[in-house]
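First up is the structure itself, then whatever we jot down about it.
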Amino acid sequence: ATPMSIISGVGRAAEFGVLVRDADALQRASTLDTLVFDKTGTLTEGKPQAVAVKTVADMNETDALRLAAALEQGSSHPLARAILDKAGNGALPQVNGFRTLRGLGVSGEVDGQTLLLGNQALLNEQQIDTQALDDELTAQASRGATPVLLAVDGKAAALFAVRDPLREDSVAALQRLHREGYRLVMLTGDNPTTAHAIAKEAGIDDVIAGVLPDGKAEAIKTLQRQGRQVAMVGDGINDAPALAQADVGIAMGGGSDVAIETAAITLMRHSLAGVADALAISKATLRNMK
Ligand code: ADP
Ligand code: MG
């Protein structure tokens with residue numbers, strides 16, 4: 001193995017907008033068999049939009065949106081932006097005791113009412129009956145929308161369906177990776193039904209969903225214990241431990257600084273086409289050295 005040709009491989013990658021940290025990273029990238037993708041912002045645009053609101057009998061849409069938006073003012077999650085946009089510009093009530101429940105949602109009090117906003121796991125954890133909204137939840141999730149539930153004083157009150165479409169170039173890049181023989185996996189904290197619907201649209205083989213932020217690195221470890229050589233592709237702060245655990249961490253351009261600092265490979269552009277380019281260059285470089 002000549003170090004010179006590895007260095008020229010790193011240089012060639014840069015011409016394709018792929019920044020490779022060191023020779024070792026290029027070498028590891030040439031022997032991968034499994035590619036794990038974060039969903040939000042990596043496979044999808046990461047700019048979710050609230051497309052539907054469903055409320056229970058004694059709640060109206062406007063009030064439900066005001067309460068949800070009031071809570072989301074304190075959150076930096078992409079879902080928060082979607083709820084705030086849908087609520088519009090009106091004044092929002094004051095929130096006391098705001099809390100972020102990582103991987104689940106948010107909570108707080110408005111006008112003496114206790115509010116919870118987040119996924120089904122969050123409401124289940126509090127033994128809140130979601131039955132009145134279950135049909136809508138299943139319908140939205142099986143279409144690939146993320147259901148966000150609002151509970152007021154321990155009662156399910158509303159469901160917001162939020163859509164985050166696949167990035168325009170995701171499907172073509174994933175098809176190319178598939179043809180090259182990689183096993184493609186989606187890793188997400190989102191609802192399993194939603195995740196499966198989007199995976200199907202994207203042409204992804206396996207889904208690991210409902211994962212709490214701390215569970216992402218553990219999920220990578222499990223694949224490695226099965227003997228897989230794993231790359232993790234992500235863009236968020238949440239993804240950093242999984243990027244570090246993977247045999248090769250790949251950060252999407254324009255993502256969080258923490259992701260970029262952790263990753264062995266950084267894509268200058270925010271496009272999955274760069275993943276296929278990076279892996280093809282690594283293989284070609286290592287092949288030329290034999
Ligand atoms: P991911 O980045 O894969 O979406 P997260 O761990 O950030 O995973 O979130 C997991 C799930 O927790 C989300 O899909 C959503 O259902 C819920 N959630 C997290 N934060 C919020 C929030 N601010 N508002 C509503 N739901 C949230
Ligand atoms: Mg992301």
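The values are calculated or read from the model by the stated rules, or taken from the named source; none is laboratory data. Just so we're clear, the structure is a prediction, and the values are computed from it rather than from any experiment. Virtual Cβ from ideal backbone geometry, glycine too; neighbours counted across all protein chains shown.
Taken together, Val275, Val233 contain a single residue that is closer than 15 Å to Ala13 by Cα, in contact with a strand residue (DSSP E or B) (Cβ under 8 Å, 6 or more places away or on another chain) and either modelled with pLDDT of 95 or more or not aromatic (Phe, Trp, Tyr) (or both), which is Val275.
Tell me which residues, restricted to segment 43-70, are part of a strand (DSSP E or B) and of a type outside the set (Lys, Arg). Once the filter is applied, which keeps residues that are part of a strand (DSSP E or B) and of a type outside the set (Lys, Arg), segment 43-70 yields Thr44, Gln49, Ala50, Val51, Ala52, Val53, Thr55. The set of residues from segment 256-275 being within 14 Å of ligand 2 (Cβ to nearest atom), surrounded by fewer than 24 Cβ atoms within 10 Å (Cβ to Cβ) and within 15 Å of the chain's Cα centre (by Cα) comprises Ser256, His270. Screening segment 205-247 for residues that are surrounded by fewer than 24 Cβ atoms within 10 Å (Cβ to Cβ) and β-branched (Val, Ile, Thr) and picking the one that is farthest from ligand 2 (Cβ to nearest atom) gives Thr222. Taken over segment 145-172, the residue count meeting the criterion of being within 16 Å of ligand 2 (Cβ to nearest atom) and not charged (D, E, K, R) is 5.
List pairs: first in segment 46-61 and more than 13 Å from Thr146 (Cβ to Cβ), second away from ligand 2 (no atom under 16 Å from the Cβ) and aromatic (Phe, Trp, Tyr), Cβ under 8 Å, 6+ apart or cross-chain? Filtered contacts from segment 46-61: Val53/Phe160. Here Ala251 passes the criteria (1) in contact (Cβ under 8 Å) with a residue 40 or more places away in the chain; (2) surrounded by 17 or more Cβ atoms within 10 Å (Cβ to Cβ); (3) touching a Leu at 6+ places or on another chain (Cβ under 8 Å) except the one numbered (1).
Could you list all residues from segment 71-100 that are hydrophobic (A, V, I, L, M, F, W, C) and either assigned to a strand (DSSP E or B) or farther than 13 Å from Leu116 by Cα (or both)? Correct list: Leu79, Ala80, Ala82, Ile83, Leu84, Ala87, Ala91, Leu92, Phe98.
Here is a yes/no grid of residues against (1) surrounded by fewer than 17 Cβ atoms within 10 Å (Cβ to Cβ); (2) away from ligand 1 (no atom under 14 Å from the Cβ); (3) within 18 Å of Ala195 (Cβ to Cβ); (4) in contact (Cβ under 8 Å) with a residue 12 or more places away in the chain:
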| position | (1), (2), (3), (4) |
| --- | --- |
| Leu79 | no, no, yes, yes |
| Ile83 | no, no, no, yes |
| Leu92 | no, yes, no, yes |
| Gly97 | yes, yes, no, yes |
| Gln120 | no, no, yes, yes |
| Asp135 | yes, yes, no, no |
| Ala156 | no, yes, no, yes |
| Val162 | no, no, yes, yes |
